[in-house]
Amino acid sequence: MKVYVHEKGFTLSGKGWEVVQKLKEYNQLYHSVNDWIQAVSVKKP
């Protein structure tokens, strides 16, 4: 399972069940995927 974060968003790479687990994990931190993208883009100047 790999998570690539870039300036416009992110890419999840792995087996289907791994991607689903990672999305469930991040669902506890962020309300939506859009919130996650905005949080990532704010950290990078």
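How about the chain: which GluC sites (Glu not before Pro) there lie in a loop by DSSP and see at most 10 other Cβ atoms within 10 Å?
Numbers: sites: E7, E18, E25; in loops: E7.
For GluC sites (Glu not before Pro) across the chain that sit outside H, G, I, E and B with at most 10 neighbouring Cβ atoms in 10 Å, the list reads E7.
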The chain: angle of helix 16-27 to the longest principal axis, Cα-based, in degrees nearest 10: 40
Option label - semi-axes √(5λ) of the Cα gyration tensor in Å computed here, alternatives [x] 19, 16, 11; [y] 19, 13, 6; [z] 40, 8, 4: [y]
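Mind counting lysine pairs for me in the chain? Cα separation below 17 Å, and the two need to be 8 or more apart along the chain or on different chains. Before the final figure, lay out each step's value.
Numbers: K2/K15; K2/K22; K2/K24; K8/K43; K8/K44; K15/K24.
Close lysine pairs found across the chain: 6.
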Relative contact order (%) - the chain, alpha-carbon pairs under 8 angstrom, separation at least six: 38
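Restrict the search to the chain; then list the trypsin sites (Lys or Arg not before Pro) that DSSP places in a loop and that have at most 12 other Cβ atoms within 10 Å of their Cβ. Can you show the working numbers first?
Values: sites: K2, K8, K15, K22, K24, K43; in loops: K8, K15.
Here the trypsin sites (Lys or Arg not before Pro) that fit, given the DSSP loop and packing criteria, are K8, K15.
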C-alpha long axis of helix 33-43 to longest principal axis of the chain, angle in °: 50
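Read the figures in this text as sums done on the coordinates, not as results from a lab. Being a predicted model, the structure only gives us computed values, none of them experimental. Neighbour counts are summed over all protein chains in view; Cβ atoms, including those assigned to glycine, are modelled from backbone coordinates with ideal geometry.
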